[in-house]
Each structure stands twice: as C-alpha cells, then as structure tokens.
1. Quick one: would you say Val558 is part of a helix (DSSP H, G or I) and touching a residue at least 12 places away in the same chain (Cβ under 8 Å)?
2. Of Leu268, Leu312, which residue is touching a helix residue (DSSP H, G or I) at 6+ places or on another chain (Cβ under 8 Å), assigned by TED's automatic domain parsing to the domain that holds Gln536, at pLDDT 95 or above and part of a helix (DSSP H, G or I)?
3. Tell me whether region 451-459 contains one or more residues that are in contact with a Phe, Trp or Tyr (Cβ under 9 Å, 6 or more places away or on another chain) and free of Cβ contacts under 8 Å to residues at least 24 places away in the same chain.
4. With Gly389, Gly337 as the choices, which residue is assigned to a strand (DSSP E or B), at pLDDT below 95 and surrounded by fewer than 17 Cβ atoms within 10 Å (Cβ to Cβ)?
5. Quick one: how many residues across region 188-225 are in a helix (DSSP H, G or I), surrounded by fewer than 24 Cβ atoms within 10 Å (Cβ to Cβ), touching a helix residue (DSSP H, G or I) at 6+ places or on another chain (Cβ under 7 Å) and not hydroxyl-bearing (Ser, Thr, Tyr)?
6. Determine which member of the set Ala423, Ala437 is at pLDDT 95 or above, assigned by TED's automatic domain parsing to the domain that holds Thr348, closer than 30 Å to Leu217 by Cβ and buried (at least 22 other Cβ atoms within 10 Å of the Cβ).
7. Which of the residues spanning region 325-384 are on the phi > 0 side of the Ramachandran plot, without any contact (Cβ under 8 Å) to a residue 60 or more places away in the chain and either touching a Ser or Thr at 6+ places or on another chain (Cβ under 7 Å) or of a type in the set (S, T, N, Q) (or both)?
Amino acid sequence: MDRRQMVDFLGGIKLFEGFTREQLGVLAAHVKEASYKRGDLLFFENGPREVVFLLLEGNVELFKSGAYGGEQQLALFHEGDFLGEGSWIEGSTHSTSARALTDVRALLVGKDFFRKNADATLKLFSRIVHIVSMRMGQANMQRIHSGAQYFSGATRMEQDLLGERNVPAESYYGIETLRATENFMVSGVTIGFYPSIVNALAMVKAAAARANCELGLLPETLRDAIVGACQEVINGKYHHYFVVDMLQGGAGTSTNMNANEVIANRALEIMGHRKGEYQYCHPVHDVNRSQSTNDTYPTAMQLGVYMVNRKLTEAVESIAEAFALKGREFAHVVKLGRTQLQDAVPMTLGQTFEAWADMLRGEIDNLNRAAAHFLQVNVGATIIGTGLGAEPTYAARCVGHLRELTGFDVTLAPNPILATQDASKFLKYSSELKRLAVKVSKMCNDLRLLSSGPVAGFNEINLPPRQPGSAIIPWKVNPVIPEVVNQLAFKVIGNDQAVTMAVEAGQLELNVFLPVVVQSIFESVVMLKNGLKTLQYRCVEGITANEARCHELAYRSVNLAAVLRPLIGYDRACEVAQEAMASGRTVYELVQEKEWLTQEQIERVLSPESMRHPSTR
C-alpha cells in the first residue's frame with residue numbers, strides 16, 4: 001500500500017473523520033502494517049495496551065474468557081473497522097482478547113503520532129472519548145456486535161400505510177421496526193439478545209432469495225445482495241439492529257419486519273445505494289417475497305431452538321461427567337441410604353453420584369428427540385398453510401437451500417395447514433426442559449440435605465464454600481449454588497406453564513401467541529445452560545466426602561440388621577435390631593459378641609463391593 005492509498009484508507013475510517021489530508025499524511029508516517037494468521041491473537045486479556053488496530057483485510061473477534069474456562073464473544077470486526085482505541089487514552093492492560101477469525105492484515109498506530117500533531121491530537125481524543133462512550137453503552141445493553149456503528153443524529157424519512165416517520169440515518173432497521181420498538185417496550189430483552197434467532201432468520205431469508213431467483217422472481221444481482229447481507233448477519237454483524245422485544249403482538253410480524261429491513265438496507269449498500277432507497281431493494285417486495293410471517297417466523301424460531309439445544313445438551317453431558325467422576329472418587333465410601341428421610345440400608349456415596357450422572361444423561365436423548373421435530377418446517381405455507389402468494393415449487397426449493405445453509409436435515413411439514421396452526425412441538429420441547437429442571441432441582445435438594453449441618457445435620461459431604469451466609473453468624477456458610485439452581489428450575493417450570501397456556505390459546509388457522517412461547521423456551525434454555533455450568537464448576541467439582549461421618553452413620557444404623565438377615569436369619573435379625581435400639585449399641589458389635597458371624601464375614605458384607613453388588617450369601 002503506497003502513501004496515497006494509505007491516506008485514502010485512513011480518511012474512510014470513522015475514527016479520523018474531520019482530519020485534513022495533511023494530518024492524515026502525518027498519521028500515515030506513523031503507521032505500521034502487520035499480518036496475522038487465522039487463530040492468532042492480536043492482543044490478549046491482561047496484556048499491555050500499545051496500539052490501535054485498523055483492519056485492512058479479514059475478520060477479528062473480540063472475546064472475554066469466562067469463569068468456567070469458556071469464552072464469551074463480545075464483538076466482530078471486519079475490513080474498515082478499528083479496535084484497541086483505548087490504548088491511546090489510558091495505560092491499563094486489555095480487559096478482553098482479540099483473535100483473527102481469518103488471515104488478517106492490519107495497520108497499527110501507536111501513541112508517538114500524538115507528539116507530532118497537537119491539533120489532530122485534540123480532534124482524535126475528542127473522537128475517541130465519544131466512541132468509547134458509545135461502545136460502553138452498547139456493551140451495557142448487550143449490543144456489541146459491530147465494530148464501528150454510531151448514530152450521528154441525522155435521520156431519513158420512511159413511509160408506511162400509517163404515515164411518515166424519521167428513522168436514524170445510520171440505522172439498518174426501518175419504520176416498521178421503529179414502530180415496534182415504541183409499541184412493545186415490555187420485557188427489555190430483544191431478539192438480538194439471542195444470536196441463534198437472528199442467524200436463523202437470516203438463513204431463512206437467504207434460502208428464500210435463492211429459491212425466488214431460481215423461479216425468475218428475483219434478479220441475480222438482487223439475490224446476491226440479499227444473500228450477501230444475510231451471510232454478514234450469520235457471521236455476526238448487525239445483530240444489535242435486531243431491536244424488537246421478544247414479547248410482541250402480531251404473531252411475530254415485528255420480528256419478521258426487523259429482519260426484512262436490516263437485510264434490505266444492508267443489501268442496498270452492497271449494491272451501491274443508500275439505506276432507505278427501497279425502490280432498488282424493498283423489505284417486503286424483495287426480501288420477504290413468497291413469504292408470510294406465519295411461515296417465516298415459526299421456521300426461524302424452530303431452527304433457532306434447535307441450534308441452542310446443542311449447547312444445552314453439551315452442558316448436560318459436561319455436568320453428568322462431573323458427577324460420574326465424583327462417583328468414581330467416592331466408590332469406596334460406605335454411607336447410609338435413606339427412604340422417606342428415614343434410615344434405610346447402606347450403599348456407597350459413589351452410587352449416589354453415579355445415579356445422578358445417569359439421570360442427567362438420560363435427559364440428553366429426550367431433549368434431542370424433542371428438538372428433532374423442529375426440523376420439520378412450514379416454509380411456503382404463507383398465511384394459513386395454503387401457500388397463497390408463493391409459487392407451487394417454492395417450498396421445496398426453499399427447504400433445499402435451508403438444508404444447505406444450516407447443515408441440518410430440514411424437511412417440509414406434510415400438512416402445512418396443520419403445521420401453521422399447531423405449536424405442539426414447542427410444547428413437547430418445553431416439557432422436556434421442565435423435566436430436566438425438575439431432576440436437577442431434586443439433585444440440588446439432595447446436595448443441600450447431604451451437606452446440612454455441620455453439627456445438627458447429615459454432614460456427609462462438603463460443598464465448596466462460596467460466600468459468607470449470615471450477617472449475624474459470622475462462620476455460617478450457605479449452599480448458595482444449589483439454592484440458585486433450585487430457583488432457576490422453578491422459573492423453567494413456570495415458563496413451561498406459560499408455554500402450555502399459549503399453545504392451548506391458539507385459534508383456528510394461526511397461533512398468535514408464539515412470541516411468548518419462544519421467549520419462554522429461550523429463557524429456559526439459557527438459564528438451564530448457565531445454571532448447569534455454575535453447578536458444575538462452582539459446586540460439584542469441589543465436593544468432598546466426610547468419610548468418617550458416612551462410616552459412623554452407616555455402622556450405627558439399626559437397619560444394618562437387614563443387610564445381615566440373609567446370613568443370620570429373619571428372627572435373629574429382628575432380635576439384634578431390637579436389642580441395638582434398646583441398648584444404644586451397634587448391630588455390628590452385637591452380632592460379633594453373639595458370635596453369629598465372624599468379623600471377616602461382617603466386613604465382607606459391609607464392604608463397598610458388597611454395597612454395589614449385594615448377595616444373599
């Protein structure tokens with residue numbers, strides 16, 4: 001890149017708006033070019049802030065390491081974006097990391113430029129403060145999904161059947177989305193909060209554009225622009241323009257129009273036009289061609305749930321393995337089993353944890369079977385399932401492209417009229433979420449019981465201490481992790497009731513209450529996924545056994561006589577049990593004293609191996 005090209009490139013970056021070419025020339029003299037391979041880190045968390053990165057080519061993700069070894073993606077940056085601007089105004093270390101998603105070329109600008117041009121420095125610092133403020137605001141609203149998008153205060157005029165409205169000039173959404181944000185300020189959670197929803201909407205729109213082009217209903221140039229815009233959305237751009245509340249009237253129309261407008265306006269830019277010039281690419285006539293909200297919305301929501309189900313089942317498998325590891329660790333610890341909170345017979349602590357592991361693993365298949373129904377979709381059904389407004393072969397063509405775009409075995413519903421009005425597949429999946437929540441809550445109840453005490457409770461296991469538990473009792477530590485998981489399980493159960501009522505309330509050819517169904521399911525999935533990770537990393541992996549306490553309770557139980565009954569007979573078992581209760585001595589001691597069994601026989605019966613595989617001999 002020669003000096004003139006570099007000046008032109010720098011002048012097109014929003015960070016340097018208002019700079020003269022002379023100032024840009026000074027800046028260019030202090031710029032270095034660097035290349036990064038896919039997977040390389042441009043900077044890393046807690047590393048020094050040194051330069052600002054101006055992307056010439058490639059894609060970069062900004063991410064933060066999670067508490068449990070995972071990563072949270074915060075933003076995606078593309079050609080023409082910049083990142084690391086905070087290095088020019090403070091000397092602290094990076095709070096995030098940046099990684100190349102593709103091969104990347106970038107220009108690096110250090111602080112030494114400021115010493116050469118005081119006038120430009122003032123402009124730049126003012127600009128940086130404004131940008132940092134905007135990005136912090138976006139971060140607080142969970143809306144960091146673009147490298148450099150800032151509202152200037154300028155507007156454009158858009159019109160619909162209700163009249164005209166001013167829309168922010170930089171915004172990719174339009175008048176329909178603007179009205180929806182004013183009408184539905186309800187839950188505070190937008191569709192952009194769930195990336196799988198946005199990605200699924202873009203996939204449906206891309207598949208529709210391809211099918212329409214094949215049918216001669218859309219020019220290739222328009223198809224390419226729409227599909228290109230959809231691909232950018234799938235890659236993570238523009239998600240913060242999906243601003244409609246998850247809860248909305250209109251059976252999902254506002255969500256559909258939000259997608260149509262964002263994709264149309266980005267497609268316009270790809271074709272060299274300005275946002276809002278809908279005569280070249282219209283949100284409804286072009287992006288939404290051959291579609292109705294009544295087939296687009298449920299199809300996208302089904303695919304979105306199918307995507308997040310994979311992350312949920314990964315979390316279930318992970319915590320199940322954590323329980324299984326504890327099962328192996330505690331395989332030698334004999335404890336007392338209980339039924340109805342009364343003493344029962346001995347078992348191993350390892351068996352308790354192994355049972356929990358298998359209990360969770362069984363739910364993976366249940367979730368996957370329920371989620372598989374989401375791959376049968378009603379694209380092409382349009383308004384009520386008859387396909388009005390779509391060509392006869394559109395549905396088959398569109399679902400074929402959906403299979404290609406998603407990589408999933410997507411098929412057409414055999415009866416589109418039924419599929420358009422029947423939301424029972426969401427009901428089935430919600431029921432499986434509730435079932436998982438109930439089981440996890442039961443485990444948390446058991447963890448709290450087994451760790452109760454330490455003096456007046458079971459005190460058979462120790463949960464890792466996470467925070468002080470009382471302002472009055474300074475040494476008290478509460479089981480806060482199982483408690484919070486109990487509470488999210490209650491929420492999931494409540495969400496399932498909301499889904500049940502909404503599915504039942506559908507009328508005739510359409511269920512208009514699908515938005516609350518979708519909102520409830522996504523909230524439940526996210527809470528369960530996060531709750532299971534919290535339970536695993538903040539509780540289960542740190543559990544230890546109080547072996548002496550387990551041994552004491554197991555060997556002091558009168559019900560030990562039931563274990564010895566096959567060897568000493570029923571009458572003797574009753575006799576020794578009654579004597580143990582009356583005297584306060586243990587069955588173990590009394591049987592030895594009466595010489596009914598040798599110590600070797602007793603220890604063999606009460607060994608961990610015998611607890612796992614009881615014998616009548």
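The values are calculated or read from the model by the stated rules, or taken from the named source; none is laboratory data. Small disclaimer: the values here were computed from a predicted structure and weren't measured. Note that each Cβ is placed from the backbone with ideal geometry, even for glycine, and that neighbours are counted across all protein chains shown.
1. no
2. Leu312
3. So far as region 451-459 goes, yes, one or more of its residues are in contact with a Phe, Trp or Tyr (Cβ under 9 Å, 6 or more places away or on another chain) and free of Cβ contacts under 8 Å to residues at least 24 places away in the same chain.
4. Just a single option satisfies the conditions, and that option is Gly337.
5. The total comes to 9.
6. None of the others qualify; the one that does is Ala423.
7. Gln340
Conditions (1) over 21 Å from Val186 (Cβ atoms); (2) free of Cβ contacts under 8 Å to residues at least 12 places away in the same chain; (3) out of contact with any Gly (no Cβ under 9 Å at 6 or more places or on another chain), marked per residue:
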{"site": "Gly250", "(1), (2), (3)": "no, no, yes"}
{"site": "Glu277", "(1), (2), (3)": "yes, yes, yes"}
{"site": "Val284", "(1), (2), (3)": "yes, no, yes"}
{"site": "Leu303", "(1), (2), (3)": "yes, no, yes"}
